[in-house]
Each structure stands twice: as structure tokens, then as C-alpha cells.
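Remarks on the structure that follows.
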Amino acid sequence: MKSNKLIYLNEAATAWPLAPGVIDAMLSALSHPISTAGRGEESINNNCELCRKLIAQTLNIQNKNEIILTQNATHSLNIAISGLDSKYFKKVITTIFEHNSLLRPLRYRIENEGGELIVIGLNEYGEIDIESLKNAIKNDATLVAITHASNVTGYILPVNEIFKLAKENNVITILDAAQTWGVLPVIPDENYADIIALTGHKGMRGPTGTGALYISDNVVIQPVFSGGTGIWSEEEYQPDEMPVRLEIGTPNEHGFAGLIAAINWNIINGNEYRNNAELLFNKFISKLQLIKDVKLFGFTPQRYSLPIVSFQINNWPVEEIGLILNNSYNIKCRTGLHCAPLIHKYWGVSEGTVRLSLSGFNTDDEIDSVISAIRTIIKCR
Amino acid sequence: MQIIGTTVMEDCLKGTLTLLYQFDTPWTKTDILKLASLGQLDYFVDFPRPFFRFKSSEDVQMKGVEGDFTCRIIYPAGERDRIHAEFEGKLQKLLNPISH
């Protein structure tokens, strides 16, 4: 029986391989007593503090205490949305592209506060309906919370334009940068973002269980969790100071050791790998478009997007395509709704799509193998 | 070949139940072809490891790949629990006749 070489096309879920250096950094961290164990002055040079500083550097912000270390973007969004004042949930604007990591916590807060959620759809070009969005912002919006890029189609939202208008109307802004940190510039000042959720295990190619939350110092987030902080232990309640205000318990020191290595690798090599991913994606999509039984969703050739494509094949159930690609060909992909139900509902595809997401670590040969596999599936129906 | 565990899968639609079955040995061509006695079997040999799809008269679907220790079984919405119990019994008997 044939044993195919692994072809990894599930970058939008979790990057693989990890950035070079991550495994060694984590092994080294695991091999020594962690420096946060005693907290106090030791914490100046521990992996968490070094990582916090490095994350701040990638966001081009001066105050590293605006960065909260978390487990992932979902964790970050929950801390932010659960801790914001109730006044922000009267009229919330979001989009049809959103992931459940944003939608679910938003719905809980909005229902509890008796507020309203406005979901902005697409225009005739398959892009976000920017005019409707602008009107909604001007019409007493209290919060705009959107993704930087779709995890289903790779579509990059015009965040700067949207958030600039929001700030001109004194509306607070939350950016879900799960798909873009390490891939596109994520800069609070340029994005006009008050709050940004990041994860370490996607574009930055770090370990799972690492993430961060940027909170502008003009925004107050009430702690959702309380407990040990290692400092100000005599205080009966959670300290007000950032970042310990929102960080509790012993942190994922080993994971953040890995994320430091990933960020350092990305700073030096990220551009080269992103360019390679773009070239491969263009090659892949140009071949995929020529296969007449393949139906692409949300793809527009003229528009730059992340290297993600969602599709179906005529007369083949989505889950069977996924099973064949994953288990028979060893081509790792994802099928279903990708935790983004609204865009699939808009397309009318309750069974979801097959999603392939590339990185600069893929190769021309791999792309050819995937196209060949898809052609064989079509031939076999 | 025995069932050693099941896990509920995430993409269950409109009342159906999709379970991932784990077996103690991998699916072989012989095991797959046995399924034909329980219903309609499609066996696709053109892939690096053949894919199979099965459907019973009560609309139970099975999907898997030769060489895997797992397969998916989708039970229909109506009378799901009864069909589930009956089909699982039939499958055990078919794949492991000695213990029955």
C-alpha cells in the first residue's frame, strides 16, 4: 500500500512546520527551572517578559504593558469582550466573515446587555459592503469588532478605513488578527485598533497555547479572572496594574519561549516565506480555476488575499473530499464550516467547504500533487 | 476486527449522529468488501489508499479509507438510537464473527 509524503495545507488552522528554532527554544526552556516560579525580580528576564517586549515590538508600540499574554486569539477576545463596560454593547457592528471566537462571546454580552448586533454582508463584488458598514458606524454604533482577514477565503478586510471612521465617531474598535499576525502588518496606530487579539500558532508559526491581547491604554478591561499574580499579594482583590490585572496563575513559560524564537525567525525570514506562499498560491489557484467541476467560494482573481481557498467539487460531498485528501493522499486540509457559520449560510452551503491554506514552506511539487489528487477525485465519481 | 471506541464528530447536521469509530486493526480490502452484504458499497481503488462508502437500507452511511484504524458512521435522524444499536451489532458480527 502506498504511503504518501505529508503535504500540509491547513495553515489557517495551525501552522506547520513550526518556525525553525521553536523546538530548540522550547526544549531548552523545558530543561531548566522556569524563571517565573519565584516571580519578583526574576521576572525581568523571564521568557514571558521577553516575549511581551518582542510582541510589543512587532506591534510598534512603546508600552509593553499594553500586551496581555494569553493562550490564543479566542482567549484574548473573551477576556476583552467579557471585560469591557456594558455601554459598549448597545450597538455592535461586525461582519459576515467572523469566526465563532468573536461571534459567540459577542452574542453573550449583547444578549445580556439588551443590545443589538449588526452583521454587515457583502456587496456585488463579494467584498464587505463598506457603505452599509460606514452608515452603521455613523448611526450610533458603540463597538466595531471585525476580523482582519477571513479564515475561509483569505479576504483581507479594509480595516484601516473602517476603524478610522469608527474612531472619528468615538466608537471603540476590536481587531481579530488571528489570521494576520506574522503575515500582514498589525500596528494599532495604523489600524486604528483599540484592542487586538493575536495568536502564536498561525502566521507567526509558534507553538499552540500562546497568544496575546493588545489593549490601548485608553481602554479599561475589567478582569474576568482573578487569582495569583506573584506581586502585590497582600491586596485582597486583583491589582489594577497592567498586565497583572488581566493575567493570573503560572503562565505558559515554555510556550512563550517558543514564541520568542518564532517571532525572531519571522522578523528575519517572514517576507521571503510570505512571498513564496504568494507565488505558490497564485500558481495553485490558476490551475484550480481551470478545473471545471471545482467551485470556488469567495475568490476574486484581481484581489490580493491570504493564501487560503475554499471550494467544493461537483457531486462529491465535502466531507468525503476531506477524508480522501487527508487519509488517502496525506494532504492535510480542513472541511466543514471552519467555525465561520455566517459566510457559509450566505453561500447556502450547510455542509461547508474544503479549505486549503498554504505557506511558504510548501513547494511546486506539492502544488502539482494536490491538483493531480483533485483531478483524480473528479474522475472517480 | 473489533470496535474499541467511538467519538462524536463535530459536523452533525440536522439531527444526524456522526461517530468516528476506532478499530483494533486497520481496514483491509477483505473487511471493506464484506460490507456489501449489509447494503450498497462503493469502493474507489484509484486513490493511493482506496476510499470506501457504504449505505444501508436504513440510511446508515459509512465512510473510510483502506489501511486506517478508523471510519465514520453517520446515523440518520429518525429512530436514530434504535438504528444505531442495531447497526453496530450487525457490524460487530460481520467484522468479528468468531466472538459472536
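The values are calculated or read from the model by the stated rules, or taken from the named source; none is laboratory data. Note that the structure is predicted; figures quoted are calculated from it, not measured. Reconstructed Cβ throughout: ideal geometry from the backbone, glycine too, with neighbour counts over all protein chains shown.
From the list A:V224, A:V220, which residue is within 22 Å of the chain's Cα centre (by Cα) and surrounded by fewer than 18 Cβ atoms within 10 Å (Cβ to Cβ)?
Values: A:V220 fails: within 22 Å of the chain's Cα centre (by Cα).
That would be A:V224, the only listed residue that is within 22 Å of the chain's Cα centre (by Cα) and surrounded by fewer than 18 Cβ atoms within 10 Å (Cβ to Cβ).
For the condition within 13 Å of chain B (Cβ to nearest Cβ) and either under 18 Å from the mean Cα position of the chain (by Cα) or not aliphatic (A, V, I, L, M) (or both), what is the one hit in A:E319, A:E366?
On the way: A:E366 fails: within 13 Å of chain B (Cβ to nearest Cβ).
Result: A:E319 is the single residue among A:E319, A:E366 that is within 13 Å of chain B (Cβ to nearest Cβ) and either under 18 Å from the mean Cα position of the chain (by Cα) or not aliphatic (A, V, I, L, M) (or both).
Of all residues being crowded, with 19+ Cβ neighbours inside 10 Å and either within 11 Å of chain B (Cβ to nearest Cβ) or touching a Cys at 6+ places or on another chain (Cβ under 8 Å) (or both) in the range A:369-381, which is nearest to A:L9 (Cα to Cα)? Just the residue, please. First the steps, then the outcome.
Of the range A:369-381, the ones crowded, with 19+ Cβ neighbours inside 10 Å are A:370, A:373-374, A:377.
Remaining after also requiring either within 11 Å of chain B (Cβ to nearest Cβ) or touching a Cys at 6+ places or on another chain (Cβ under 8 Å) (or both): A:373, A:377.
Working: A:A373: 13, A:I377: 17 Å.
Out of the qualifying residues, it is A:A373.
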Across the range B:62-71, which residue is farthest from the other protein chains (Cβ to nearest Cβ) among those that are buried (at least 19 other Cβ atoms within 10 Å of the Cβ) and in a strand (DSSP E or B)? B:M62
Count of residues meeting criterion [under 22 Å from B:T18 (Cβ atoms) and in contact with a helix residue (DSSP H, G or I) (Cβ under 8 Å, 6 or more places away or on another chain)] in the range A:350-381: 6
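For residues in the range B:29-42 being assigned to a strand (DSSP E or B) and closer than 23 Å to B:A85 by Cβ, which is farthest from the other protein chains (Cβ to nearest Cβ)? Walk me through how you get there before you give the answer.
In the first step, residues of the range B:29-42 are kept if they are assigned to a strand (DSSP E or B); the result is B:39-42.
Next, from what is left, pick out any that are closer than 23 Å to B:A85 by Cβ: B:39-41.
Values: B:G39: 17, B:Q40: 15, B:L41: 14 Å.
Restricting to residues being assigned to a strand (DSSP E or B) and closer than 23 Å to B:A85 by Cβ, the top hit is B:G39.
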Looking only at residues that are within 9 Å of the chain's Cα centre (by Cα) and free of Cβ contacts under 8 Å to residues at least 40 places away in the same chain in the range B:56-83, which one is farthest from B:L17 (Cα to Cα)? B:G64
Positions within the range A:116-148 being buried (at least 20 other Cβ atoms within 10 Å of the Cβ) and in a loop (DSSP other than H, G, I, E, B), in sequence order: A:A141, A:T142, A:H148
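With respect to A:L306, determine if the residue is modelled with pLDDT of 95 or more, surrounded by 18 or more Cβ atoms within 10 Å (Cβ to Cβ), within 21 Å of A:T147 (Cα to Cα) and away from chain B (no Cβ under 14 Å). Don't jump to the end; show me each part of the working.
Values: modelled with pLDDT of 95 or more: yes; surrounded by 18 or more Cβ atoms within 10 Å (Cβ to Cβ): yes; within 21 Å of A:T147 (Cα to Cα): yes; away from chain B (no Cβ under 14 Å): yes.
For A:L306, the condition - modelled with pLDDT of 95 or more, surrounded by 18 or more Cβ atoms within 10 Å (Cβ to Cβ), within 21 Å of A:T147 (Cα to Cα) and away from chain B (no Cβ under 14 Å) - is met.
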Do we have any residue at all in the range A:359-366 that's crowded, with 18+ Cβ neighbours inside 10 Å and under 22 Å from B:D42 (Cβ atoms)? no
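Taking the condition closer than 14 Å to A:L175 by Cβ, outside any helix (DSSP H, G or I) and touching a residue at least 60 places away in the same chain (Cβ under 8 Å), does A:I61 pass? Steps first, answer last, please.
On the way: closer than 14 Å to A:L175 by Cβ: yes; outside any helix (DSSP H, G or I): yes; touching a residue at least 60 places away in the same chain (Cβ under 8 Å): yes.
So A:I61 passes the test.
For the range A:3-16: of the residues being more than 22 Å from A:S150 (Cα to Cα) and not charged (D, E, K, R), which is surrounded by the most Cβ atoms within 10 Å (Cβ to Cβ)? Explain how you work it out, then say what you get.
Taking the range A:3-16 and keeping what is more than 22 Å from A:S150 (Cα to Cα), we get A:3-7.
Next, from what is left, pick out any that are not charged (D, E, K, R): A:3-4, A:6-7.
On the way: A:S3: 9, A:N4: 14, A:L6: 11, A:I7: 22.
Only one residue fits best here, namely A:I7.
For the range B:33-55, which residues satisfy the criterion of being among the aliphatic types (A, V, I, L, M) and farther than 24 Å from A:R375 by Cβ? Working first, answer last.
First, pick out the residues of the range B:33-55 that are among the aliphatic types (A, V, I, L, M): B:33, B:35-36, B:38, B:41, B:45.
Selection gives B:L33, B:L35, B:A36, B:L38, B:L41.
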Scope the range A:1-41; condition away from chain B (no Cβ under 14 Å), modelled with pLDDT under 95 and either assigned to a loop (DSSP other than H, G, I, E, B) or under 18 Å from the mean Cα position of the chain (by Cα) (or both); matching residues: A:S31, A:H32, A:P33, A:I34, A:S35, A:T36, A:A37, A:G38, A:R39
Answer residue from the range A:334-363, given it is more than 14 Å from every other protein chain (Cβ to nearest Cβ) and under 16 Å from A:N10 (Cα atoms) and is nearest to the chain's Cα centre (by Cα) among those: A:S357
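Taking the conditions exactly as written (at pLDDT below 95, of a type in the set (A, V, I, L, M, F, W, C), surrounded by 18 or more Cβ atoms within 10 Å (Cβ to Cβ) and at negative phi), does A:F299 satisfy them or not? Before you say what the answer is, go through the steps one by one.
Values: at pLDDT below 95: yes; of a type in the set (A, V, I, L, M, F, W, C): yes; surrounded by 18 or more Cβ atoms within 10 Å (Cβ to Cβ): yes; at negative phi: yes.
Against the criterion (at pLDDT below 95, of a type in the set (A, V, I, L, M, F, W, C), surrounded by 18 or more Cβ atoms within 10 Å (Cβ to Cβ) and at negative phi), A:F299 qualifies.
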If you go through the range A:290-347 one residue at a time, how many are touching a residue at least 60 places away in the same chain (Cβ under 8 Å), under 17 Å from B:G64 (Cα atoms) and among the charged types (D, E, K, R)? 2
So, in the range A:270-306, of the ones that are out of contact with any strand residue (DSSP E or B) (no Cβ under 8 Å at 6 or more places or on another chain) and basic (K, R), which residue ends up farthest from A:T153 (Cα to Cα)? A:K292
Can you spot a residue in the range A:64-85 that is farther than 16 Å from A:L175 by Cα and of a type in the set (S, T, Y)? no
Say we look at the range B:48-61 and pick out the residues that are away from every other protein chain (no Cβ under 11 Å) and in a loop (DSSP other than H, G, I, E, B); which of these is surrounded by the most Cβ atoms within 10 Å (Cβ to Cβ)? B:V60
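In this structure, is B:P26 surrounded by 14 or more Cβ atoms within 10 Å (Cβ to Cβ), within 14 Å of another protein chain (Cβ to nearest Cβ) and over 13 Å from the mean Cα position of the chain (by Cα)? If you could, list the steps in order and put the result at the bottom.
Working: surrounded by 14 or more Cβ atoms within 10 Å (Cβ to Cβ): yes; within 14 Å of another protein chain (Cβ to nearest Cβ): yes; over 13 Å from the mean Cα position of the chain (by Cα): no.
Here the answer is no, as B:P26 does not meet what is asked.
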In the range A:238-293, how many residues are farther than 21 Å from A:L213 by Cα, more than 21 Å from the chain's Cα centre (by Cα) and not hydrophobic (A, V, I, L, M, F, W, C)? 7
Conditions: (1) surrounded by 18 or more Cβ atoms within 10 Å (Cβ to Cβ); (2) within 11 Å of another protein chain (Cβ to nearest Cβ); (3) aliphatic (A, V, I, L, M). B:V45 meets all but one. Number of the miss? (1)
